[in-house]
1. Residue check: is ALA251 surrounded by 14 or more Cβ atoms within 10 Å (Cβ to Cβ) and under 17 Å from ALA202 (Cβ atoms)?
2. Which ones in segment 244-269 are touching a Gly at 6+ places or on another chain (Cβ under 8 Å) and assigned to a helix (DSSP H, G or I)?
3. Of the conditions (1) part of a loop (DSSP other than H, G, I, E, B); (2) within 22 Å of CYS264 (Cβ to Cβ), ILE208 satisfies every one except a single condition; which number is it?
4. Spot the failing condition for SER178; the list is (1) among the polar types (S, T, N, Q); (2) outside any strand (DSSP E or B); (3) surrounded by fewer than 24 Cβ atoms within 10 Å (Cβ to Cβ); (4) in contact with an Asp or Glu (Cβ under 9 Å, 6 or more places away or on another chain), and only one is missed.
5. Determine whether segment 149-156 contains at least one residue that is open to solvent by 40 Å² or more (accessible area, probe 1.4 Å) and more than 18 Å from LYS297 (Cα to Cα).
6. Would segment 82-96 turn up any residue that is in a strand (DSSP E or B), of a type in the set (Phe, Trp, Tyr) and in contact (Cβ under 8 Å) with a residue 24 or more places away in the chain?
7. Filter segment 102-140 for residues that are among the polar types (S, T, N, Q), assigned to a helix (DSSP H, G or I) and either over 18 Å from GLU76 (Cβ atoms) or open to solvent by 10 Å² or more (accessible area, probe 1.4 Å) (or both) and give the result.
8. Residue by residue through segment 270-291, note down the ones that are buried (at least 17 other Cβ atoms within 10 Å of the Cβ) and part of a helix (DSSP H, G or I).
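The values are calculated or read from the model by the stated rules, or taken from the named source; none is laboratory data. Because the structure is predicted, anything quoted here is derived from the model rather than measured. Cβ coordinates were reconstructed from backbone atoms using ideal geometry, including for glycine residues, and neighbour counts include every protein chain displayed. Ligands, DNA and RNA are stripped out before the accessible areas are found, and what is left, the full protein with its side chains, is counted by its heavy atoms. Shrake-Rupley method; radii C 1.70, N 1.55, O 1.52, S 1.80 Å.
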Amino acid sequence: MHNVVVITTGGTISTKRTPQWSGAVPMLKGDDFSAMLPRGEFNVSFQDFTNLPSSHITPTMALDLAQRVNSQLLGEADGVVVTHGTDTLEESAFLCDLLIDSNKPVIFTGSMRIATDVGYDGVTNLTGAIRAAAAPQTRGLGVMVAFNDRLFSAATVQKIDSQTVDAFDAPGFGPIGSLTGATVRINHQPSGRHYIPCSRLAERVDLIYATQGADDRQLRAAIDTNSQGIVIAAFGGGRVPPWWLPTIQEALNKRIPVVVTTRCLKGICYDEYGYVGEYHDLKRLGVMFAQQLSPVKARIKLMVAVGAAAHPQELRDWFAE
């Protein structure tokens, strides 16, 4: 029987309504989850990391979480499951995927309904995640997310619905596997994973969305407050308002790394246009492109890469197209 360690962090999966509070709050811990699981199927131990909604979790806390997960992988655990709030689950999971270099599976999961709701999905998702962590076919696939009987790569998964139990998908990629009863099926393997050895993050990395007619105030504020990096969620295939170009150039001149990704749910940064502000203008300026990463994940990767890079070229190599 495989040894699986479950690390709890809080989130909706751990919440209950009680008379003492006006709404549901994180309360459940490892012992509570253990009592809900099927008997005799698993050799599972629990560790309580924190008990917070994921909107309260910071990248520095996620770094500490990744280090905790890695310490378990170096020990006798055959796999690790992390229970996490869904609001920032994809960010914590992707940060772990960048920082952990192990063939053993790491599975993040959570729930959309609280434990006192009819149809609580926490037990189903947790059971599926533990089965995935114990399955030999998930070895070598990096960090994954198990949700609603599907298995996703941490690099491509996104929360796409704020309310339903089918809250996660991977636009343009789809799930890498499925969970049917006790059977774990893998459809395809994730590609293009990066391992970045990092012990500290650059926390002051700003994410700025290109929107119709927006001026450069947010870019200017990032420069003036000594941002350690800027991620731009650009239009379409990598385009920005033309009046942003001088400010982007100023950021680069001040050695603030600028990463561009698309604000679209699918696709990469590339076009063949010749007007001002298009993809080739940005490329000529010297920005980096986070191809096939969502804007929030591009920010996480830049935090890790800036924190780890010994010199500018090493940073650029991690964003090489």
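1. Values: surrounded by 14 or more Cβ atoms within 10 Å (Cβ to Cβ): yes; under 17 Å from ALA202 (Cβ atoms): yes.
When the stated conditions are applied, ALA251 passes them.
2. TRP244, LEU245, LEU252
3. (1)
4. For SER178, the failing item is (2).
5. As a first pass, look at segment 149-156 and keep what is open to solvent by 40 Å² or more (accessible area, probe 1.4 Å): 149-150.
Retained after the next criterion (residues that are more than 18 Å from LYS297 (Cα to Cα)): 149-150.
Checking segment 149-156: at least one residue is open to solvent by 40 Å² or more (accessible area, probe 1.4 Å) and more than 18 Å from LYS297 (Cα to Cα).
6. Within segment 82-96, the first condition is being in a strand (DSSP E or B), and the residues that meet it are 82-83.
Checking which are of a type in the set (Phe, Trp, Tyr) leaves us with none.
No: segment 82-96 contains no residue that is in a strand (DSSP E or B), of a type in the set (Phe, Trp, Tyr) and in contact (Cβ under 8 Å) with a residue 24 or more places away in the chain.
7. First, pick out the residues of segment 102-140 that are among the polar types (S, T, N, Q): 102-103, 109, 111, 116, 124-125, 127, 137-138.
Subset that is assigned to a helix (DSSP H, G or I): 124-125, 127, 137-138.
Answer for segment 102-140, where residues must be among the polar types (S, T, N, Q), assigned to a helix (DSSP H, G or I) and either over 18 Å from GLU76 (Cβ atoms) or open to solvent by 10 Å² or more (accessible area, probe 1.4 Å) (or both): THR124, ASN125, THR127, GLN137.
8. Within segment 270-291, the subset buried (at least 17 other Cβ atoms within 10 Å of the Cβ) is 277-279, 281-282, 287-291.
Result: TYR279, ASP281, LEU282.
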